[in-house]
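Below you'll find the structure, written out as C-alpha cells, and then a few comments.
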Amino acid sequence: MRSSTSRRTVAAGAVVLAAAVGLTACGDDTDTAPTDTPPAAALAADKALADAVPADVKADGKIVIGVDSSYAPNEFLDEDGKTVTGWDVALFDAVAAKIGLKTEWVSSSFDGIIPGIGSGKYEVGVSSFTINPERLQAASMVSYFSAGTQWFGKAGATISPDDACGKKIAVQASTVQVEDIEAKSKACKDAGKPEITIDQYQGQDEATAAVVSGKDEAGLADSPIAAYAVSKAPGLQLLGEIYDAAPYGYVVKKGSPFGKVLADATKALIADGTYTKVLSEWGVEGGGITDPAVDPAS
C-alpha cells in the first residue's frame with residue numbers, strides 16, 4: 001500500500017503471491033519461534049508511563065505478544081519466514097518503546113490468541129482484533145485504529161456484497177466477517193434464494209488464495225487487508241464499498257491496569273507524531289483515530 005518499494009513491501013507481496021499458488025505462510029494451530037524486537041529506533045521512553053507498567057509485565061523487560069502473522073499489511077512474516085512485520089507490528093513496537101520495553105512476537109492461530117491472554121501465555125494480543133461485545137466479555141481491549149469490511153473478487157466480477165446469494169465466498173475463520181457473511185446467507189434463505197456457500201480458512205492468506213485460484217468467487221476481509229491483497233495479487237479487484245467501520249483493539253487480560261498504560265502510550269505517540277508517521281509509511285493513515293480508550297463502546 002506504500003508508494004515506495006521497500007524490503008517489507010516486497011516481502012508482503014511475496015506472502016500474498018505465495019498464498020495464491022498454495023504456499024501459505026502460516027495459519028496452523030502451532031506457535032512459531034518467538035521474534036525478539038528491540039525498542040523502536042529513536043523513541044525515548046516516557047518515565048511516567050514506564051513507571052505505570054504493572055510489575056509482572058516489566059519484570060523481564062519485554063512484552064510477549066500473540067499475533068496471527070498471515071494478515072498483510074497489518075501483520076505478516078518477512079522474507080526470512082520468521083520475522084513478524086507490518087504496520088500493526090511497527091506501531092506496537094513504538095508503543096512498547098514509549099513505555100521502555102522490548103517486544104517478543106509469537107505467531108499463533110488467530111482464535112488461540114484471546115484464550116492465550118486469559119491463560120497468561122501472552123501479555124498482549126496484537127492481531128487486528130475488531131472490538132466487539134463478545135471479545136469484551138473475555139478480555140479488555142484498547143482502541144488504536146478503525147477499519148471496515150471490504151469485499152474483493154476476480155477482475156470483472158459482478159458480485160454485489162448486498163446480493164451474493166448462491167455464491168461461494170471465502171473468509172478467515174474467527175473474524176467478525178464470519179458473522180457478517182452468515183447473516184447475509186440467512187437473509188438469502190429467508191428471501192427464498194440460495195444460501196451463500198461460506199468457505200472458512202485458518203489464515204487470510206489461504207482465503208485470498210482461494211479467490212485468486214477461482215475456488216471461491218469472492219472474499220471479504222478488513223478494509224486494509226482487502227486493499228493490500230488487490231494491490232499485490234494479480235487479477236483481483238475490490239467489490240462494493242467499505243462498511244461497518246469499527247475500532248481495532250490491543251487485547252489484554254480482563255480488567256488489567258496495563259490497558260490504560262497502552263492507551264496512554266498510544267495517545268503519546270499521537271501527540272508526538274509517531275503514530276501518523278507509522279500509519280503513513282504503510283498507506284493506512286485513513287484508519288487513524290484520535291482518542292485511544294480502554295473497552296470503548298463498540
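Here are the numbers for this structure:
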quantity: Overall form of the range 152-298 per C-alpha gyration tensor (a/c, 1.5; a/b vs b/c); calculated: prolate
quantity: Least to most buried among E104, E123 (fewest other Cβ within 10 Å first); calculated: E104, E123
quantity: Aspartates and glutamates with Cα under 19 Å of K154, excluding same-chain neighbours fewer than 8 positions away; calculated: D162, D163, D199, D205, E206, D216, E217, D222, E241
quantity: Gained length - A183 relative to T158, 0.36 nm times residue gap less alpha-carbon distance; calculated: 6.9 nm
quantity: Whole-Å distance, taken between Cα centres, linking the range 153-215 and the range 55-95; calculated: 29 Å
quantity: Residue order, fewest to most beta carbons within 10 Å, for I181, I169, I65; calculated: I181, I169, I65
quantity: Which listed pairs, of K189/K254; K47/K121; K167/K260, have C-alpha distances above 32 Å, in listed order; calculated: K189/K254; K167/K260
quantity: Within straight-line cross-link reach of K267, aspartates and glutamates at Cα separation under 14 Å, skipping those fewer than 8 residues along the same chain; calculated: D46, D291
quantity: Of K98/K277; K168/K232; K215/K277, those spanning more than 27 Å from alpha-carbon to alpha-carbon; calculated: K215/K277
quantity: Relative contact order, percent, the range 149-244 [alpha-carbon distance under 8 Å, six or more residues apart]; calculated: 47 percent
quantity: Exposure proxy ranking, count of Cβ atoms within 10 Å, fewest first, for T103, T276; calculated: T276, T103
quantity: The chain: C-alpha pair distances exceeding 31 Å, %; calculated: 25 percent
quantity: Förster radius 25 Å - calculated FRET efficiency between A271 and A50, Cβ distance, rounded to 0.05; calculated: 0.90
quantity: Mean residue ellipticity (222 nm) of the chain, computed from DSSP H runs ≥ 4 via -39,500 (n - 2.57), nearest 500; calculated: -10500 deg cm²/dmol
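No lab work stands behind these numbers, since they all come straight from the coordinates. Since the structure is predicted, the reported quantities are computational estimates derived from the model, not experimental observations. Positions of Cβ are generated from backbone atoms using ideal geometry, with glycine treated the same way; all protein chains shown enter the neighbour counts.
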